[in-house]
Every structure is written in C-alpha cells, then in structure tokens.
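Read through the structure below, which is laid out as structure tokens, and then see the notes.
The values are calculated or read from the model by the stated rules, or taken from the named source; none is laboratory data. Note that the coordinates shown come from a computational prediction; the quantities given were computed from them, not determined experimentally. In this analysis, Cβ positions are derived from the backbone assuming ideal geometry, glycine residues included, and neighbour counts consider all displayed protein chains. With ligands, DNA and RNA removed, areas are computed over all heavy atoms of the protein, side chains included. Shrake-Rupley method; radii C 1.70, N 1.55, O 1.52, S 1.80 Å.
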Amino acid sequence: MNAPMNQDAKTKLLKKLIVSVIRDGFLHLKMDDIAKYMDVSRATMYKRFSSKEDVIDGVVRIIVDYIERLEERNDNEDESYFGLWFQQLFEQSVSLIEFITDVFMKDLQASYPDLYNMLKDVLRKREEHSLRFYRLGIDKGIFNKINGKFILLQDDLLLHEVTSVKYLLYNQTTIKEVLHDYYQLKKMQLFKADKLSLVDDTNINPVIDRLSEKFIRTLM
C-alpha cells in the first residue's frame, strides 16, 4: 500500500512543477527552485526526490504515461468507434502542444539523452498508431483519402500557431474559439460527408472547456 501512496504524493508535487519546466526549460533550475515551485521545504522534497534527474525523470514519465493512456484501438471495432477515437486523438494532440515544447525538448536532449530518447520513442509509436487509424478509416470508407502524415504535420505546425498568444491577440479571439474551429476543421477534413453522424459533438464541448482552462492557467 505504501508504494502507490508514495507515487501519488510524488505525482502531485511534480504536477505543481511541470508547467514551468515545460514552458521555461529546466537547465537553470536548482533544487531550491524546484522545492519552491512544489511549495514544500527542501527536506520534504528530498524525501520524494533524490536529485534533479529524479525530478525530470518523473516529469517525463508523466508525459509518457499520458501519451500511452490513449485507448487502444481494435481494427474490428464498428464504425461508431471512429468518431470516439477521433475525439480522443484530438484531445491528446492539443494537450501535447502544451507538453512538448522546443525549450523542454532541447534541455532534455542536452542533459538527459536517455529520457529524451524514451520520450521520442513513445511519440514515434503514437505517430505510427495514428497513421494506422487513418489508413483503416480510409479502407473502411469512413475517412476521405488524405495523407495521414499531412494531418499529423498540420497538428504540429498549425495547431502550434493558432494556440499561440501572438495569434490570439492579433485575431482578437479566444483559445476556446480557436480549439472549437480547429476541431471542426479536422472533422470536416477527415470524415466523409455521409459519415459525419459518427461524431457526437456534444462529447467534445466539455473537453474543449477543460483544454481552454489548462491553456489559460499556463499563460498566467
């Protein structure tokens, strides 16, 4: 019983730190800074983490666990499952914009190459899994014949751009409006017109609300 409780306590502390580490990088952080972000004393922090590497390892594993948590897809699922998995993939794609920043990845590669390679490997597997999903949808006549790699590239480039503060301010729009519009864009791109009914948009509204709140907290 002690191990899960200890892990839960560590995870709670890491979640207090993770936004700053991902947004600003971590090379400049000292253990005193980490304790301050976690809002605990050095003594309490050292009860959970033996070193800075231990802290960054915990951060990376939170991201890896999140990526791997996407529900496994069965190629024999009925058509209704494609709408659900599309929405799950959309939610994760948006969340990864927050997690996978250039500064975080550069710091990780420079300081902890093993952790960097582990994270890159999980991202590669996610890409392969997504491409199989897109190909299966095309084969079953549910998706339009679009190059799946273009869809992934669109998430990487366009989604980064439209969720930036610069874009939001210039276009006088909100993160919630942008995410809603991007979701509709992807849905119309991907699903054939006679298959759009497979997607229940009422499922995505609370997801977009939750993602918007996360982005706002990050910006603050």
State the number of residues belonging to the range 176-200 that are more than 18 Å from Phe143 (Cβ to Cβ) and either open to solvent by 50 Å² or more (accessible area, probe 1.4 Å) or at pLDDT below 95 (or both). 4
Which residues, taken from the range 19-49, are buried (at least 19 other Cβ atoms within 10 Å of the Cβ) and touching a residue at least 60 places away in the same chain (Cβ under 8 Å)? Val21, Ile22, Gly25, Phe26
Flag for Asn203 being open to solvent by 50 Å² or more (accessible area, probe 1.4 Å), over 17 Å from the mean Cα position of the chain (by Cα) and closer than 18 Å to Gln92 by Cα: yes
Residue that is least open to solvent (accessible area, probe 1.4 Å) [pool: residues in the range 160-169 that are among the hydroxyl-bearing types (Ser, Thr, Tyr) and either in contact with a helix residue (DSSP H, G or I) (Cβ under 9 Å, 6 or more places away or on another chain) or modelled with pLDDT of 95 or more (or both)]: Thr163
If I go through the range 128-142 residue by residue, how many of them are surrounded by 14 or more Cβ atoms within 10 Å (Cβ to Cβ) and free of Cβ contacts under 8 Å to residues at least 60 places away in the same chain? 6
